[in-house]
Amino acid sequence: MTDVPGTGPSRRTLLKSAAAGAAAVMMPAVWSPSRAAGKRIVVRDDGGIYTKAYGAVFYKPFTEKTGIEVVGVQAAAEPTAQIKSMVETKNYTWDMAKISKPAILILTDGGTPYLEKHGLESDPVIASIPAQYMSPYGVGTNVYTTVLAYRSDAFQGKKAPKSWADFWNVKDFPGRRAMRKHPFDTVEEALMATGVPTNLVYPCNVDKAFAALDQIKPNIAVWWTSGALVEQVLTSGEVDMIPTWVSRAQAAQAKGAPVEIIWDQGIWGGDHWSILAGTPNADACREFIKFASDPERMAKLTEFFPAGVTQPKAFDYIKPDIAKNCPTFPANIQSGLQIDAAYWLKNQAAVIERFNSWVLG
C-alpha cells in the first residue's frame, strides 16, 4: 500500500494471523443499465491525494458512465482485520479495497475465503497487465517503491550516494542518516549493502543482515516510523540521506527541498483492487476494476502524482518528464527488487521480534 502525505503508516503493517483460501469464483455477469440503477460500491483507498485523484479519474467518471455510485473511504494501511470482520459478520461497510500483496496472502492463506476471486484474467483490458502485478484475488493498480533519498545540498561539490552500499559507507559518504524502525525493507537494504544481488536477496540471510545493521546502527540519527516524519526531516534538512517510500521524497521535492532520488535497488510491491468475499456488489466491483484498468484512464493519475501505473501502455499517454518519476517506468522497475510477500508472511513474526530487541539493545 502506498504511503502518501496524510495517509498514515505503510502498506506493510501486517497482522500475525492469516486466513482464507481457495474458493470458487463467481464469474462476472453481463451488466446492463437497468441492473446498475440505485447501485453503490464502497472502496477502501489510501486517502489523501489518492482519494482526490481516484475521485476525479475513476469514481466520478465511472458513475457518469454506469450510474453506479462509488464512494472512496480511508482506512488503516493494511485493513486485514476489518475485512475479516466484515466478511465473517456479512456486514459490508466496504465492497472492495485497495490492498497490497502481503495483505492478500494474509486474507487467502487458510480455509475461509475473505476475498473473492475476480475471474478477470481473460478480460481484454486486464489481460495486458503483467503477471507480476496480478493475483487471482487482486488486479494490480499501483506499485509503491522504497528508495534511497538524499539532500543534494549536503553533497554539493562532493560525490553523492548512489546505492545501499554507499548509505552504509560512512567514511566516504559522511552525513546524518535516518532509517526505518522496522525490518521490512530494512533487512533487504542491509543485504544489498553487503553486495547481495537483487535476485539472491530472498530468502533473506537474517544473520548477515543484522551483522550489517550492527555496523550502521551507531550512525543512525533518526529512526522513523511514519511517512510524515520522513517528509519532515527531509524538508527541514535534519537528515542528509534516508531510505523512504518514494512518495514522501517526492512530496519533499514538491515543497522545494533539494532532494534527489536513487531508483537503483528500489524495493517495490504492488497494490491491488480486491473484492470482499460475499459482498452482494461483487459484479459492480468487477465492472469498476475493468474501467479503472484502462491504460489511458490510468495515465490520467499522473496529473495528480507520479503514479506507479500497472498498464505498460499507460506510458504512451504520460509526459516523459513525469514518466521517469513513476515507480513502474521501465528503467526504475527493472533495477529494483520485488518484495517477496510469501517470505514475509512466513517469517515476519520472528524477524520483527528480533529487530525490536536489536533496536533496544
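Computed values, structure above
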{"read-out": "Filter pass, Ala284 being touching a residue at least 12 places away in the same chain (Cβ under 8 Å), under 19 Å from Thr141 (Cα atoms), touching a helix residue (DSSP H, G or I) at 6+ places or on another chain (Cβ under 8 Å) and surrounded by fewer than 22 Cβ atoms within 10 Å (Cβ to Cβ)", "value": "no"}
{"read-out": "Members of the range 236-255 found to be open to solvent by 50 Å² or more (accessible area, probe 1.4 Å) and modelled with pLDDT under 95, listed by number", "value": "Gln253, Ala254, Lys255"}
{"read-out": "Close pairs (7 angstrom Cβ cut-off, 6 or more residues apart or separate chains): over 15 Å from Leu105 (Cα atoms) in the range 333-361, β-branched (Val, Ile, Thr) and open to solvent by 40 Å² or more (accessible area, probe 1.4 Å) anywhere", "value": "Leu337/Thr198"}
{"read-out": "Out of Leu213, Leu200, sole residue that is open to solvent by 20 Å² or more (accessible area, probe 1.4 Å) and either out of contact with any Leu (no Cβ under 7 Å at 6 or more places or on another chain) or closer than 30 Å to Asp283 by Cβ (or both)", "value": "Leu200"}
{"read-out": "Residue satisfying all of: in the range 295-314; buried (at least 24 other Cβ atoms within 10 Å of the Cβ) and in contact with a Ser or Thr (Cβ under 7 Å, 6 or more places away or on another chain); farthest from Ala149 (Cα to Cα) among these", "value": "Gln311"}
{"read-out": "Selected residue [more than 30 Å from Val57 (Cα to Cα) and touching a Pro at 6+ places or on another chain (Cβ under 9 Å)] from Trp223, Trp164", "value": "Trp164"}
{"read-out": "Qualifying residue in the range 185-194 (condition: in contact (Cβ under 8 Å) with a residue 12 or more places away in the chain, open to solvent by 10 Å² or more (accessible area, probe 1.4 Å) and either closer than 29 Å to Ser357 by Cβ or over 23 Å from the mean Cα position of the chain (by Cα) (or both))", "value": "yes"}
{"read-out": "Positions within the range 127-153 being open to solvent by 30 Å² or more (accessible area, probe 1.4 Å) and either within 23 Å of Lys255 (Cβ to Cβ) or not in a strand (DSSP E or B) (or both), in sequence order", "value": "Ala127, Ser128, Pro130, Ala131, Gln132, Pro136, Ser152, Asp153"}
{"read-out": "Residue, most open to solvent (accessible area, probe 1.4 Å), within the range 315-361, restricted to residues that are assigned to a loop (DSSP other than H, G, I, E, B) and among the small types (Gly, Ala, Ser)", "value": "Gly361"}
{"read-out": "Which numbered condition Ala314 misses (of (1) free of Cβ contacts under 8 Å to residues at least 24 places away in the same chain; (2) more than 15 Å from Gly140 (Cα to Cα))", "value": "(2)"}
{"read-out": "So Gly72, is it at pLDDT below 90, of a type in the set (Gly, Ala, Ser) and closer than 19 Å to Met298 by Cα", "value": "no"}
{"read-out": "Count of residues meeting criterion [assigned to a helix (DSSP H, G or I) and either small (Gly, Ala, Ser) or on the phi > 0 side of the Ramachandran plot (or both)] in the range 154-197", "value": "4"}
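The values are calculated or read from the model by the stated rules, or taken from the named source; none is laboratory data. These numbers come from a predicted model, not from an experiment. Don't worry about glycine lacking a Cβ; one is built from the backbone with ideal geometry, like all the others, and counts go over all protein chains shown. All accessible areas refer to the heavy atoms of the entire protein, side chains included, with ligands and DNA or RNA removed. Shrake-Rupley method; radii C 1.70, N 1.55, O 1.52, S 1.80 Å.
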